[in-house]
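Undergrad: Starting off with a structure, shown below.
The values are calculated or read from the model by the stated rules, or taken from the named source; none is laboratory data. Predicted model, so just to flag it, every value in this text is computed and none were measured. Backbone-built Cβ (ideal geometry, glycine too); neighbour counts: all protein chains shown. Ligands, DNA and RNA are stripped out before the accessible areas are found, and what is left, the full protein with its side chains, is counted by its heavy atoms. Shrake-Rupley method; radii C 1.70, N 1.55, O 1.52, S 1.80 Å.
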Amino acid sequence: MTCTVTGPLCRAPAAPRVETVLGATPEVPVLFNQEALAKIAAGDADLAFRRWVRPAVRPGTQLRTAVGVLAVDAVDAVEESAVSDRDARRAGYADRASLLADQRPGADRTLYRVTLRHVGTDPRIGLREDTDLSAADLDAVATSLARLDARSGHGPWTTATLEIVAAHPAVRAADLAARLGRETLPFKADVRKLKDRGLTESLDVGYRLSPRGRLVLDHLRAGRD
């Protein structure tokens, strides 16, 4: 589920599908740099232009980013000749020449205009700070983690991952994965599952447990005693 793009800027079900997007982390269909995210959050940019072999996102998708949730309202194929200086400024560029020069080359690629808007904060931020959990709540979280373990193709991993993040905050994912004898990309995918549950936080380098994550890990440890 990766498609790296550059520059200042990525099924429309009844309830919008939410993807995770981090500034320069190849986790999802579109990557944003921090400057672009700041402009979108401030309302200074609401378009992105990308040359893709096929669209990486569809209208109705919601994307989690470092500045909150972005909604993708439209994805349209356009001719380069139809891009104006105003379009370029709405995408965070000085002019159309700068925008077009920043696109990926390739005769098999089509230029797409993506219409975006900032729709709110990342719900995981509030979740990871929520430590008002009863014993029953903690048991429910532990049960959900046990389900992840049961569905895993590489055996139980949730507690071990929480433990290693707790013991080694701000350490590169590759180094943490190596300590567990795992490949980096599958390890990072598992950490994202914990992040979706408000248990971990991404740092500039590596991760740390959230307050909620520390509480849950203490509960899991107590259950082993």
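Undergrad: At 0.36 nm per residue, and after removing the present C-alpha to C-alpha distance, how many nm does the segment from Ala77 to Glu35 gain when stretched out fully? Don't jump to the answer; show the numbers that get you there.
TA: Values: separation 42, 0.36 × 42 = 15.12 nm, distance 2.47 nm.
This chain segment gains 12.6 nm when fully extended.
Undergrad: I'd like the accessible area for Arg192, computed on protein heavy atoms only with a 1.4 Å probe and all protein chains in place. Round to 10 Å², please.
TA: 60 Å²
Undergrad: Right, next: In whole Hz, what ³J(HN,Hα) sequence does the range 38-53 give by Karplus (6.51, -1.76, 1.60; θ = phi - 60°), x for Gly and Pro?
TA: 5, 5, 5, 5, 7, x, 8, 9, 9, 10, 9, 10, 9, 9, 10, 5
Undergrad: Starting from the Cα-Cα distance between Asp137 and Ala94, subtract it from 0.36 nm times their residue separation and give me the gain in nm to one decimal.
TA: 10.4 nm
Undergrad: Using θ = phi - 60° and the Karplus curve 6.51 cos²θ - 1.76 cosθ + 1.60, what whole-Hz ³J(HN,Hα) does each residue of the range 211-224 get, with Gly and Pro shown as x?
TA: x, 5, x, 5, 5, 5, 5, 4, 5, 5, 5, 4, x, 7
Undergrad: Any idea what the dipole of the chain comes to, in debye rounded to 20, about its Cα centre with Lys/Arg Cβ at +1 and Asp/Glu Cβ at -1? Could you put the intermediate results ahead of the total?
TA: Details: 33 positive and 30 negative charges, 86 e Å.
The dipole magnitude comes to about 420 debye.
Undergrad: Of all accessible surface on the range 60-159 at a 1.4 Å probe, what whole percent is carbon and sulfur? Mind showing how you got there, number by number?
TA: Values: 2530 of 5240 Å².
Carbon with sulfur: 48 percent of the solvent-accessible area.
Undergrad: I need the Kirkwood Rh of the range 91-225: take the reciprocal of the average 1/r across all distinct C-alpha pairs and report it in angstrom.
TA: Numbers: mean 1/r = 0.0575 Å⁻¹.
The Cα-based Kirkwood calculation yields 17.4 Å.
Undergrad: Let me ask something else about it. Once amide H atoms are placed 1.01 Å from N in the peptide plane, what residues at a sequence separation of 5 or more from Gly68, or on another chain, have their amide H within under 5 Å of its amide H?
TA: Long-range HN contacts for Gly68: Asp122.
Undergrad: From largest accessible area down, sort Ile40, Ile125; use a 1.4 Å probe on the protein chains. Before the final figure, lay out each step's value.
TA: Working: Ile40 10, Ile125 75 Å².
The residues order as Ile125, Ile40, largest area first.
Undergrad: Sticking with this structure for a sec: Gap in Å between the Cα centre of the range 209-225 and the Cα centre of the range 138-183?
TA: Cα centres, the range 138-183 to the range 209-225: 12 Å.
Undergrad: Follow-up question, since we're still on this one. Evaluate the Debye formula for the chain with equal point scatterers sitting on the alpha carbons, no solvent, and hand back log10 of I(q)/I(0) at q = 0.14 Å⁻¹, in q order, two decimals.
TA: With no solvent term, the Cα-only Debye profile gives -0.91.
Undergrad: Here's something else I'd like to know. When DSSP beta bridges are limited to those with both residues in the chain, what percentage is antiparallel, rounded to the nearest 5?
TA: On the way: 22 of 25 bridges.
Of the beta bridges lying entirely in the chain, close to 90 percent run antiparallel.
Undergrad: Write down the accessible area per residue of the chain in Å², having rolled a 1.4 Å probe over the full set of protein chains.
TA: Values: 11330 Å² over 225 residues.
Spelled out: the 1.4 Å probe surface of the chain, per residue, equals 50 Å².
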